[in-house]
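Notes to accompany the following structure.
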Amino acid sequence: MNLREELKAKAVEIRLTKIRIKELQKSGAFAGNLQYSLISLKKDFRHRHIAASLMRGRSYEQIEPKCRENNKPNMDLIKEIMDEYAKEDVCVSA
């Protein structure tokens, strides 16, 4: 699976997790575990999205023009993701 397909799959997983959390909260059940996993999913998606965009040739400032000082991404993790996927895995025209 290439990086673009992985991002699409993670986006679906995030949406389904949000729906499941809302269902659990409406029924009065505990949704803490799902909420924690949602935070992890969103963090992973953000870093993979930044890596994919950087591999397409965008600058970080174009990807996230406004980012608070205490919310900077982990550039080491982004570098690892970029190293994991070869340059040919990302479609430049998309």
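Fewest Cβ neighbours within 10 Å first, please rank 14, 39, 50 accordingly.
On the way: 14 16, 39 10, 50 21.
Ranking 14, 39, 50 by Cβ neighbours within 10 Å, fewest first, gives 39, 14, 50.
Points 7 angstrom from Cα along the Cβ direction at residue 27 and residue 42: gap in nanometres?
2.3 nm
Compute the longest continuous run of the chain that contains no exposed trypsin sites (Lys or Arg not before Pro); treat a site as exposed when its DSSP state is not H, G, I, E or B and it has at most 12 other Cβ atoms within 10 Å. All intermediate terms of the calculation are to be shown ahead of the outcome.
Values: sites that count: 58, 66, 68.
Longest site-free region, per DSSP loop and neighbour criteria: 1-57.
Which residues among the range 45-60 fall inside the zone where the amide N is under 11 Å from a point 7 Å beyond the Cα of residue 10, along Cα→Cβ?
Answer for the range 45-60: 45-53.
What's the local net charge at residue 50, with K and R +1, D and E -1, over the other residues with C-beta under 15 Å away?
On the way: positive: 4, 10, 42, 43, 46, 48, 56, 58, 66, 72, 79; negative: 6, 44, 61, 64, 76, 80, 83, 84.
With Lys, Arg at +1 and Asp, Glu at -1, the net is +3.
Taking the Cβ of residue 19 as the centre, find all other residues whose Cβ is under 14 Å away and add up their charges (Lys, Arg: +1; Asp, Glu: -1). Mind dumping the intermediate values first?
Values: positive: 15, 18, 20, 22, 26; negative: 13, 23.
Charge balance near residue 19 sits at +3.
Below 10 angstrom from the Cβ of residue 73, what's the summed charge of the other residues (Lys, Arg +1; Asp, Glu -1)? The partial results should precede the final answer.
Numbers: positive: 43, 46, 72; negative: 64, 76.
Summing Lys/Arg as +1 and Asp/Glu as -1 gives +1.
Can you tell me the relative contact order of the chain? Whole percent, Cα pairs under 8 Å, sequence separation 6 or more. Provide the component values of the computation, followed by the final result.
On the way: 52 pairs, mean separation 34.4, N = 94.
Relative contact order, the chain: 37 percent.
Please name which of 40, 54, 82 has its Cα lying farthest along the dipole of the chain towards the positive end, using unit charges on Cβ (Lys, Arg +1; Asp, Glu -1) and the Cα centre as origin.
The residue sitting farthest along the positive end of the dipole is 40.
Total Lys pairs in the chain closer than 12 Å by alpha-carbon, pairs eight or more apart in sequence or interchain only?
4
FYI, it's all coordinate maths here, none of it is from the lab. Note that the structure is a prediction, hence the values are computed from the model and not measured. Because the Cβ atoms are built from the backbone with ideal geometry, glycine has one as well, and the counts that use them run over all protein chains shown.
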